[in-house]
Amino acid sequence: MSTAIQQLPSYLEAFLQLQQSPAHRQEPWFRGVREGAFTSFCQLGFPTVHDEDWRFTNVAPIARITFHLPEIPEDDGVTESDVAPYRLEGLAVQLVFVNGRYAQRLSRLPMKHTGLHVLSLAEAMLKERERVEPHLARYADCSKEAFTALNTAFFEDGAFVFLPRGLALQEPIYLLYLNTGSATPQIANPRNLILAGENSQATILEDYASLGAGLSFSNVVTEVVAGEQAVLHHYRIERESTDVFHISTTRIQQERSSTVNLHSVLTGGALVRNNIQPVLAGEGGNCLINGLFIGNGRQHLDNYMKVEHRSAHCASHQFYNGILDGESRGVFHGRILVCKGAQQTDSKQTNRNLLLSDTAQMDTKPQLEIFADDVKCTHGATIGQIDEEALFYLRSRGLDEAAAKGLLLFAFASECLERMNPGPIRNYLAKIIMRALPQVKQSEAVR
């Protein structure tokens, strides 16, 4: 019997309760989608290690716990001082969500840009149905992916971003998701929908962080549509506490000559699965997938990339670096699918990893599936330790061992930063990475 079926009474009760809530009674056009997604979830069950795409990650700790939807107290007591460390200057807008629900009083609303719409998805489903309905739940696959089905059935809120044709937005959009923790296990299902019109340009940051401790589960789905010749820079930070399970799926639909650059930094969570699924549906599309994951203790950080080349003359490049200490475990499973007719595809996949302890573990599986004959596809992966010669050189110049290791680790991590556009987001990420590096912490303690 599947684990989802075993938990069916609690999930069914929660689903029926959610369907009767005032907010969901106002969206009858989406009711059938939710019901279909819940049915798919019950049929699929949670994945197991016998599923090829999940062979390195056991989600039994998630499957056997009964998670509850968050209670509805206003913003859960989160104050401006709690949000202050996450404020950045020069933003177009910052939306703040607490336990998956929009917190208007903590958000900073959009600057005046003609045609730009940035608001909560729950509000957009009521007020902007003509924009939302053609795209919401049209790309992320509920029929095959249990966590996507679970999110689609249960999501209450998230962000809706609409970039009109020709808008070149210089200021970043910041979507901040705060987890407050709870005495009882709780689940949040944020859902984001990002629509970038023809010839538009923007930078969007999704940030997932914790304000308190407590066993919880963040199950996130983001759908992105990049119109013809659109340019989108998407950043994602996962830095929740190690009481949190975090599963995320980012599904990107790219039209002709569009460019999407995806950057991920994972430093938190107990069990994390980062699914990135670009589909290059139009000729001349370009996609960069760039990431860094840093694990310590008993963290499990899984990165699954599935890039589909459906049209000719497209390029995709994946670069992922991992740093693992303690008894942490990392996974990189990169899959490139070149469909029949996608001639002159240029695709590259690189995974580099450093293990800082004898008990850290890394599983890496680059994978190519090619059904066209005029392509250029390569992949490679390495697993190693800190270069002893480089370490000796730095120590001979007067650095103690911890400081020297910290410098080498930051240089390794900076390969990820160098692929990002210079600016406030990159500087912000550099500070987050510096604080997360294990040897840097030791170095700072010594000083």
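The values are calculated or read from the model by the stated rules, or taken from the named source; none is laboratory data. All of these numbers come straight from a predicted model, not from anything done at the bench. Cβ coordinates were reconstructed from backbone atoms using ideal geometry, including for glycine residues, and neighbour counts include every protein chain displayed. With ligands, DNA and RNA removed, areas are computed over all heavy atoms of the protein, side chains included. Shrake-Rupley method; radii C 1.70, N 1.55, O 1.52, S 1.80 Å.
Residue pairs whose Cβ atoms lie under 6 Å apart, separated by 6 or more positions or on different chains, with the first residue in the stretch 213-224 and farther than 17 Å from Phe41 by Cα and the second among the hydrophobic types (A, V, I, L, M, F, W, C), are Ser216/Val244; Glu223/Ala140; Glu223/Leu193; Val224/Ile194; Val224/Ile252. For the stretch 89-97, the count of residues that are open to solvent by 10 Å² or more (accessible area, probe 1.4 Å) and more than 15 Å from Glu206 (Cα to Cα) is nonzero.
Exactly one condition in (1) under 30 Å from Pro366 (Cα atoms); (2) assigned to a helix (DSSP H, G or I) is false for Glu130; which is it? So the condition that Glu130 fails would be (1).
Entry remark, the stretch 182-231: residues being among the β-branched types (Val, Ile, Thr) and over 30 Å from Glu71 (Cβ atoms) number 4 in total. Residues that are touching a Lys or Arg at 6+ places or on another chain (Cβ under 7 Å) and either hydroxyl-bearing (Ser, Thr, Tyr) or surrounded by fewer than 23 Cβ atoms within 10 Å (Cβ to Cβ) (or both) within the stretch 158-186 comprise just one, Phe162.
Looking across the stretch 49-90, the residues that are assigned to a loop (DSSP other than H, G, I, E, B), under 17 Å from Leu150 (Cα atoms) and modelled with pLDDT under 95 come down to Arg64, Ile65, Thr66, Phe67, Leu69, Pro70.
When Glu369 is tested against (1) in contact with a Lys or Arg (Cβ under 8 Å, 6 or more places away or on another chain); (2) farther than 21 Å from Met305 by Cβ; (3) surrounded by fewer than 17 Cβ atoms within 10 Å (Cβ to Cβ), exactly one condition is not met: (2). Evaluated against (1) in contact with an Asp or Glu (Cβ under 8 Å, 6 or more places away or on another chain); (2) open to solvent by 60 Å² or more (accessible area, probe 1.4 Å); (3) closer than 20 Å to Ile289 by Cβ, Asn321 falls short on exactly one condition, (2).
When the stretch 101-133 is filtered for residues that are small (Gly, Ala, Ser) and open to solvent by less than 10 Å² (accessible area, probe 1.4 Å), the ones remaining, listed by number, are Ala103, Ser120, Ala124.
Residues of the stretch 11-46 that are crowded, with 17+ Cβ neighbours inside 10 Å, of a type in the set (A, V, I, L, M) and at pLDDT below 85: Ala14, Leu18. In the stretch 420-435, the count of residues that are closer than 29 Å to Tyr86 by Cβ, in contact with an Asp or Glu (Cβ under 8 Å, 6 or more places away or on another chain) and at pLDDT below 90 is zero.
The residues of the stretch 221-280 that are open to solvent by 10 Å² or more (accessible area, probe 1.4 Å) and of a type in the set (Val, Ile, Thr), listed by number, are Val225, Val231, Thr242, Thr259, Thr267.
Gly291 falls short on exactly one of the conditions (1) under 23 Å from Arg138 (Cα atoms); (2) open to solvent by less than 30 Å² (accessible area, probe 1.4 Å), and that condition is (1). Within the stretch 380-426, the set of residues being open to solvent by 70 Å² or more (accessible area, probe 1.4 Å) and either among the hydroxyl-bearing types (Ser, Thr, Tyr) or assigned to a helix (DSSP H, G or I) (or both) comprises Thr382, Glu388, Glu389, Phe392, Tyr393, Arg395, Glu401, Leu407, Pro424.
Note on the stretch 179-208: residues that are of a type in the set (Asp, Glu) and in a loop (DSSP other than H, G, I, E, B) amount to 1.
Given the criteria open to solvent by less than 20 Å² (accessible area, probe 1.4 Å) and in contact with a strand residue (DSSP E or B) (Cβ under 6 Å, 6 or more places away or on another chain), does Leu429 qualify? Here the answer is yes, as Leu429 does meet what is asked.
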